[in-house]
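Notes follow the structure.
The values are calculated or read from the model by the stated rules, or taken from the named source; none is laboratory data. Everything numeric in this text was worked out from a predicted model, so none of it was measured. Heads up, the Cβs are rebuilt from the backbone with ideal geometry, glycines too, and the neighbour counts pull from every protein chain shown. For accessibility, only protein heavy atoms count, side chains too; no ligands or nucleic acids. Shrake-Rupley method; radii C 1.70, N 1.55, O 1.52, S 1.80 Å.
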Amino acid sequence: MKKLLFVFIIIFTNICSAQIERDSISGEVTYIKINKVDLPLSEIKLYSNSWIVENFKNTNEGIKLNTEKKIISKGVFNGTLINGLNGEGNCEINYIFEISFKEKKYRIKFSSFKVESKDYPRFADLIFERPTNDIETYKKDLMQKAELEKKSRKKKMLKVANNPKQLKEYFEYSSVRDEHIIKQIESKCEILSKSIQSYLLKQSKDKW
């Protein structure tokens with residue numbers, strides 16, 4: 001039993017805990033996990049391809065890049081989003097994922113999340129539209145983007161930015177709305193990350 005446990009630890013050891021990050025300027029979300037596995041680069045790639053085929057539909061259409069050291073593909077999952085009136089609707093969360101390979105090591109990265117919704121299309125478009133790290137950054141971004149809008153839209157955005165009460169309301173709603181989606185993204189990324197981890201681990205164990 002002890003010997004088996006020791007082999008398990010050697011075969012597959014996490015070298016970096018998974019992280020979900022949000023860019024302080026663009027507001028975009030990224031999830032990255034790096035794992036160590038006792039397989040050569042060529043086999044990690046081979047089994048990663050097999051994992052993608054087993055877990056994603058329309059694989060041929062989804063894969064954007066497939067080289068010796070990297071696969072880039074896309075995926076989508078169902079979720080929910082909230083609107084400004086405490087309502088909740090269905091949505092699809094699209095994303096790009098990248099698996100990079102090295103000898104006995106791989107990295108999986110999820111990014112470019114895009115929310116689409118037939119129930120609340122306008123609210124879906126607002127997800128990650130601007131950073132919600134703090135209210136001052138939010139205000140600055142709002143004012144900068146207002147300059148690119150048409151006159152009526154620009155006037156409305158600047159009015160919100162310069163009204164402390166309205167600005168706070170918009171900021172708080174945006175924060176809650178984005179966080180609602182981020183939690184779903186993190187959960188889905190964890191599931192997929194553990195899935196490929198288990199898949200590669202099985203291939204490693206089969207070689208012993």
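Ranked from highest to lowest mean number of other Cβ atoms within 10 Å per residue, what is the order of the peptides 142-148, 35-41, 25-31? Please list the in-between numbers first.
Values: 142-148: 13.9, 35-41: 18.1, 25-31: 16.6.
Result, highest mean first: 35-41, 25-31, 142-148.
Can you tell me the accessible area per residue over the chain, all protein chains present, probe 1.4 angstrom, in square angstrom? Spell out each step's value before the answer.
Numbers: 12720 Å² over 208 residues.
Normalised by residue count, the accessible surface of the chain is 61 Å².
Give me the one-decimal nm value for the distance between modelled label points at LYS70 and GLU149, 7 Å along each residue's Cα-to-Cβ direction.
So the label points at LYS70 and GLU149 sit 3.6 nm apart.
At a 1.4 Å probe radius, carbon and sulfur cover how many percent of the accessible area of the chain? Don't jump to the answer; show the numbers that get you there.
On the way: 6720 of 12720 Å².
C and S atoms contribute 53 percent here.
Have a look at SER187, ASN162, GLN197 and report the one farthest towards the positive end of the charge dipole of region 152-202, computed about the Cα centre with Cβ charges (Lys/Arg +1, Asp/Glu -1).
So the residue we want is ASN162.
Residue-wise, which Karplus ³J(HN,Hα) couplings in Hz belong to region 120-128, taking 6.51 cos²θ - 1.76 cosθ + 1.60, θ = phi - 60°, and x for glycine or proline?
Going residue by residue, I get 9, x, 5, 5, 5, 5, 7, 4, 6 Hz, with x marking Gly and Pro.
Using the Kirkwood radius over C-alpha pairs as Rh, can you work out the diffusion coefficient of the chain via Stokes-Einstein at 37 °C, viscosity 0.692 mPa s, in µm² per second?
Numbers: Rh = 19.3 Å.
Translational D for this selection: 170 µm²/s.
Considering only Cα-Cα distances, which of the following residue pairs are longer than 29 Å: LYS145/LYS168; LYS139/LYS183; LYS74/LYS165? If you can, show how the numbers build up before the last one.
Working: LYS145/LYS168 18 Å; LYS139/LYS183 24 Å; LYS74/LYS165 40 Å.
Over 29 Å apart, Cα to Cα: LYS74/LYS165.
May I ask you to evaluate 6.51 cos²θ - 1.76 cosθ + 1.60, the Karplus curve with θ = phi - 60°, for each residue of region 88-105 and list the ³J(HN,Hα) values in order in whole Hz, giving x for glycine and proline?
Each residue of region 88-105 in turn: 9, x, 7, 7, 10, 10, 8, 7, 10, 10, 10, 10, 10, 10, 9, 4, 6, 7 Hz.
Mind listing the phi-derived Karplus ³J(HN,Hα) values for region 26-41, rounded to whole Hz, using 6.51, -1.76 and 1.60 with θ = phi - 60°, and x for any glycine or proline?
7, x, 6, 10, 9, 10, 10, 9, 10, 10, 9, 9, 7, 9, x, 3
Running Debye on region 132-190 with equal point scatterers at the Cα sites and no solvent, what base-10 log of I(q)/I(0) appears at q = 0.26 Å⁻¹?
Ignoring solvent entirely, the Cα scatterers give -0.99.
Mind jotting down the distance between the C-alpha centroids of region 67-109 and region 179-193, whole Å?
Using only Cα atoms to place each centre, the spacing works out to 9 Å.
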